[in-house]
Amino acid sequence: MQEGLYKFSVKNTIGYYRDYSGRVKIEPAEAEIVRYIFDSFIEGASPGEIADSLTQQGIRSPKGMEYWRQATIRNILQNEKYCGDVRYQKSYSKDYLTHKSVKNRNVLPQWYWENDHPAIIKREQWNLAQELFKTGKWRKSNKPIKAMEK
C-alpha cells in the first residue's frame, strides 16, 4: 500500500471494473450513473432526492438492489476513487477470525495516491462536491430532478 502497488477492490464500486490484466477500467454505462449523481448533487439535489430519482427510474444500485439508499449516494459522492485517486486502508479487519471490517480512525497508517487510475469525475467537480458536503450547502429542493438520459 505504501508503495502504491496494492490493488484496491472495485467490487461494489459502480463505474469501474478490472480487465483481464488487472488494470482498472471505466464501465461506460455505470459511469453515466456516477456522473448523474454528481451533476444532480451540484445542481442542488439532496442525496435522498437523488436516491429516490434513481429508484423511480428503475436503475439498480451497485449491489443490484431495486432501490437506492441515501447512504449509498453519500458514499459515492465522498469516494475519492471517482476523481482517480485512492486512499488505502480506510478500513481494516479488527479480528482475523471474523474478518469483520471496521473504519480506520487513525489506528493504522493510511496512504493517498493521486491520479492512480482513470477518473470518472473531473477534479474540479469532485472538489466542489466535497465543499458542498463540508459546508452542508445542498438543499432539499422538493422539485423534480432531471432523469438520466438513456
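The values are calculated or read from the model by the stated rules, or taken from the named source; none is laboratory data. Because the structure is a prediction, the values reported are computed rather than measured. Every residue, glycine as well, gets a Cβ built from its backbone with ideal geometry; the counts of neighbours run over all protein chains shown. Surface areas here come from the heavy atoms of the whole protein model, side chains and all, with no ligands, DNA or RNA. Shrake-Rupley method; radii C 1.70, N 1.55, O 1.52, S 1.80 Å.
For residues in the range 18-47 being open to solvent by less than 50 Å² (accessible area, probe 1.4 Å) and polar (S, T, N, Q), which is nearest to residue 81 (Cα to Cα)?
Among those that are open to solvent by less than 50 Å² (accessible area, probe 1.4 Å) and polar (S, T, N, Q), it is 40.
Considering each residue of the range 48-82, count those that are part of a loop (DSSP other than H, G, I, E, B), among the small types (Gly, Ala, Ser) and crowded, with 17+ Cβ neighbours inside 10 Å, and give that number.
Count: 1.
Out of curiosity, is residue 23 in contact with a helix residue (DSSP H, G or I) (Cβ under 6 Å, 6 or more places away or on another chain), of a type in the set (Lys, Arg) and at pLDDT below 95?
Considered against the rule, which asks whether it is in contact with a helix residue (DSSP H, G or I) (Cβ under 6 Å, 6 or more places away or on another chain), of a type in the set (Lys, Arg) and at pLDDT below 95, residue 23 comes out as no.
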